[in-house]
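K.L.:
For reference, the structure I am asking about is given below.
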Amino acid sequence: MNFLHNIGLYIIMLQKMLHKPTKWKVMKELILKDTEDTVVNSLGIISFVSFFIGGVITIQLALSTTGSFYPDYLVGYATRETIILEFAPTIISIIMAGKVGSFITSSIGSMRVTEQIDALEVMGINSINYLVFPKVIALLLYPFLISIAMFLGILGGMIACVYGGYSTMSAFIEGIQTDFIPFHMTYAFIKSFVFAFILATVPSFHGYYMKGGALEVGKASTKSFIWTSVSIVVFNFLITQMLLG
């Protein structure tokens, strides 16, 4: 029953988020700040992880496809498919659930503990719109991060493959270009937009409705990461079944 109650409360939060919007002059500043906190400040970790995980994926694929039965371009082809379809949109989103999700939950939860949210309500401000809506708008740029993850993942894979002696650069590039299906990019970005909405709203829900003191902020952040990751995995399955199944 508690699970169903939380789902209902989450839906109510989404409805309240669109009611009684904050003045644009204030909202613009909030969006810019949340864009810096959630998108710009995540560029470093996403670039680092994507580059090296792309290299690891390529090395593992190269070791698994050695032999005369496999064409030389297969490593590049498999690397492209793996990174575009699953690694960049899904695995990066789970990493972001730990970084961005925990940050959102702890920041809103701290405002709840220090009664700043109550102060917003007393001043007649829709606190949900004030706190959650800017994060949803800011994370509309999330597919931009995913495109960077795709590029750096494939680049890292190419460097690992060529300098590791597993294949030539021309064969790897041929694999990247072989049988490319443009809809796979559309599929990846559709997932990215859905995951961005989850990353903005699920952690906000856990921060906004948390109860207790400073100790509970940490517990709420942990619970937020778990449920954000679960939501991403579930919606990843549903979207894949609908679009590629």
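K.L.:
Given the conditions (1) out of contact with any Pro (no Cβ under 9 Å at 6 or more places or on another chain); (2) touching a residue at least 12 places away in the same chain (Cβ under 8 Å), which single one is not true for residue 31?
P.N.:
(1)
K.L.:
When both residues are 6+ apart or on different chains and their Cβ atoms are under 7 Å apart, which pairs have a first residue that lies in segment 222-245 and is at negative phi and surrounded by fewer than 16 Cβ atoms within 10 Å (Cβ to Cβ), and a second that is among the hydroxyl-bearing types (Ser, Thr, Tyr) and part of a helix (DSSP H, G or I)?
P.N.:
Pairs found: 243/187; 244/187.
K.L.:
Next question. Of the numbered conditions (1) touching a Phe, Trp or Tyr at 6+ places or on another chain (Cβ under 9 Å); (2) under 16 Å from residue 105 (Cβ atoms); (3) of a type outside the set (A, V, I, L, M, F, W, C), residue 204 satisfies every one except a single condition; which is it?
P.N.:
Checking residue 204 against (1) touching a Phe, Trp or Tyr at 6+ places or on another chain (Cβ under 9 Å); (2) under 16 Å from residue 105 (Cβ atoms); (3) of a type outside the set (A, V, I, L, M, F, W, C), the one that fails is (1).
K.L.:
Looking only at segment 139-149, count how many residues are crowded, with 23+ Cβ neighbours inside 10 Å and of a type outside the set (Phe, Trp, Tyr).
P.N.:
Residues in segment 139-149 being crowded, with 23+ Cβ neighbours inside 10 Å and of a type outside the set (Phe, Trp, Tyr): 4 in total.
K.L.:
Quick one: which of 167, 110, 93 is over 15 Å from residue 194 (Cα atoms), among the hydroxyl-bearing types (Ser, Thr, Tyr), in contact (Cβ under 8 Å) with a residue 24 or more places away in the chain and crowded, with 19+ Cβ neighbours inside 10 Å?
P.N.:
167
K.L.:
A follow-up question, please. Among (1) in a helix (DSSP H, G or I); (2) among the polar types (S, T, N, Q); (3) surrounded by 12 or more Cβ atoms within 10 Å (Cβ to Cβ), which single condition is residue 15 missing?
P.N.:
Only one criterion is unmet by residue 15, namely (3).
K.L.:
Ok, one more. Kindly evaluate residue 181 against the criterion of being surrounded by 14 or more Cβ atoms within 10 Å (Cβ to Cβ) and aliphatic (A, V, I, L, M).
P.N.:
no
Only the coordinates and a few stated rules stand behind these numbers; no lab work does. Since this is a predicted model, take the numbers as computed values, not measurements. Note: ideal-geometry Cβ built from the backbone for every residue, glycine included; neighbour counts use all protein chains shown.
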